[in-house]
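Working notes, beginning with the structure itself.
The values are calculated or read from the model by the stated rules, or taken from the named source; none is laboratory data. The structure presented is a predicted model; accordingly, all values stated were derived computationally and were not measured. Cβ placement follows ideal geometry from the backbone for every residue including glycine, while neighbour counts extend to all protein chains displayed. SASA here: full protein model, heavy atoms, side chains in, ligands and nucleic acids out. Shrake-Rupley method; radii C 1.70, N 1.55, O 1.52, S 1.80 Å.
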Amino acid sequence: MSKRISRYCAVSILLAAFNTLPLMGQATYQPTAENLKARQEFQDAKFGMFIHWGVYSVLGDGEWIFHNRKMTVREYERLPRFFNPQKFDAAAWVALAKAAGMKYITITSRHHDGFAMFDSKVSDWNIVGRTPYARDPLKMLADECHRQGIKLFFYYSQLDWHHPDYYPRGKTAVDRGPWDNGRPDRGNWNAYLDDYMDGQLRELLTNYGPVGGIWFDGMWDKPDADWHLEKTYALIHQLQPAALIIPNHHQTPKPGEDVQTFEKDLPGRNTASFNTTYVSDRLPLESSNTLNDSWGFNITDRKYKAPEQVEEMLVRSAGNNSNLLLNIGPMPNGEIQEEFVTRLRAVGEWLSRYGEAIYSTRGGPLPPADWGVTTQKANKVYVHILNWNAPLLALPPVARTVKTAQELLTGSPVQFTQSSTGLVLHVPAARKDEVDRVIVLAVE
Ligand code: FHN
């Protein structure tokens, strides 16, 4: 073997060894004390604002427009030139989230178009490099979140329809008929992951102060690929140990992940037909959904959910021991449309009265059912009656002794009988438009 080759081999072995170090670290991942504390705070928060915002909003037809219209990279690259969100007001966005009773924000730092909505030095395919706006809204949002005391999470798409090194391509290049968007038929997958993606994650976890976590999406495009997950997860935990890794890969949780998230479904249900039915009993849970039917701004989507539907979703999530991450897609000028604002404010008003039975609770002790759910904290159990019209509600046995039962809103006593076969509540009639009749049980 020549000296040059043997030196090359030695360097390769060293590099390989270096690459496996974080891998070993995440395989035996022990969350730090900060991370465990962040998980609890995450569970206490219960309600978050999901924001899908990118240059696609210019076309007002959702975040998949690149793919749906089978655009070429060259065509799509024109979009940033029209993106100039002069009305973006970070303080107003954060204030709206807080008025809605939301305790954290998760925003797309980049979606499947690969376009960074932040100032990235890794590539100029970003808002500062390519738009007339030329500013970093994520920096403004992060500063404002810190100022107003609310955690900010970054959604990050691992799937990329723009970068040439996202190669071999995944399912979305063929799922609705072949889509050749003009990229070369070659690319360096390792460079895409290790240099481009990890480079951007390093920026997000270095330049924006404490970050709540990274919400990954898009692995489902190439479920069998080696995503170098353990290396990426180790990088995140090394840069910010408290940052939670939340992967929307629709699979059972992997080492190094901190939260299990379910898309458009309660944990364990698979009505959307892409979630796993496995539910972790170890990790905090989250369920994401949309306020109308779209993630990104869709100008003709009028399927707005009523505040009452959102409230029921939130209660059922809490009863399933899960958070609700509710999405809005702001407009390309930076404004959040009125239909979202009014609904969010209505939910916030409702939460100002019912929040005690939701925030900082955990699901149970009774299993969720069609009639409703239970939540609990310390020596209280909250019975949320969502779908029950009869005057008596017979529940399964509650392990702890019930001392008193009363209505949450009025404090009026509620009659009950507890025995080894169950708990029977004499439920008060629902008030007009009352979504959730909450009965508070004091237990010991
Ligand atoms: O393709 C995305 C979609 O655009 C959106 O971001 C949702 C949010 O959970 N996730 C993906 C679909 O799984």
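Rg over Rh for the chain works out to 1.02, both radii taken from alpha-carbon positions and Rh defined as the Kirkwood radius. Restricting the count to DSSP beta bridges whose residues both fall in the chain, what percent are antiparallel, rounded to a multiple of 5? Taking every DSSP beta bridge within the chain, about 45 percent pair in antiparallel fashion. At what distance in angstrom do the alpha carbon centres of region 333-379 and region 125-142 lie from each other? Value for the Cα centre distance between the two parts: 33 Å. Annotation: aspartates and glutamates with alpha-carbon distance below 13 angstrom to residue 231 (same-chain offsets under eight excluded): 194, 195, 198, 257. Report, to the nearest whole %, how much of the accessible area of region 321-444 belongs to carbon and sulfur atoms, 1.4 Å probe, protein only. The nonpolar share, carbon plus sulfur, comes to 53 percent. First measure r as the distance between the Cβ atoms of residue 337 and residue 434, then evaluate 1/(1 + (r/R0)^6) with R0 = 25 Å and state the FRET efficiency to the nearest 0.05. For R0 = 25 Å, the calculated efficiency reads 0.35. A Gaussian network model of the chain, with springs between Cα atoms under 10 Å, assigns the largest mean-square fluctuation among 369, 399, 318 to 399. Think of a 1.4 Å ball rolled over the protein heavy atoms: region 225-367 then has 36 Å² of accessible area per residue. Compactness of region 93-147 was expressed as the Cα radius of gyration divided by 2.2 N^0.38 Å, which yields 1.26. The alpha-carbon of residue 139 sits under 16 angstrom from the alpha-carbons of these aspartates and glutamates, leaving out residues fewer than 8 places away in its chain: 89, 119, 203. Rounded to the nearest whole Hz, the Karplus-based 3J(HN,Hα) values (6.51 cos²θ - 1.76 cosθ + 1.60, θ = phi - 60°) of region 37-47 follow the sequence 5, 5, 4, 5, 4, 4, 5, 5, 5, 6, 9, with x at glycine and proline. Full extension of the chain between residue 252 and residue 176 gives 24.7 nm of extra length, using 0.36 nm per residue less the Cα-Cα distance. Globularity index of region 141-195 is 1.65 (Cα radius of gyration / 2.2 N^0.38 Å, N = number of residues). Net length available on complete extension from residue 300 to residue 406 is 33.7 nm, with 0.36 nm assigned per residue and the Cα-Cα distance removed. Taking each of 254/305; 70/222; 70/303; 103/254; 151/380 in turn, the alpha-carbon distance tops 29 angstrom for 254/305.
I'd like the Karplus ³J(HN,Hα) series for region 354-371: coefficients 6.51, -1.76, 1.60, θ = phi - 60°, whole numbers in Hz, and an x wherever there's a Gly or Pro. Values, residue by residue: 9, x, 4, 8, 10, 4, 6, 8, 10, x, x, x, 8, x, x, 9, 5, 5 Hz.
Exposure check, 1.4 Å probe, all protein chains in place: residue 249 carries approximately 10 Å² of accessible surface. Which stretch or stretches of region 31-72 have amide N atoms under 13 Å from the point lying 7 Å from residue 78's Cα along the Cα→Cβ direction? Backbone N within reach: 59, 71-72.
In deg cm²/dmol, rounded to 500, what helix-only [θ] at 222 nm does the chain give when every DSSP H run of at least 4 residues adds -39500 (n - 2.57) and the total is split over its residues? Helix-only estimate at 222 nm: -8000 deg cm²/dmol.
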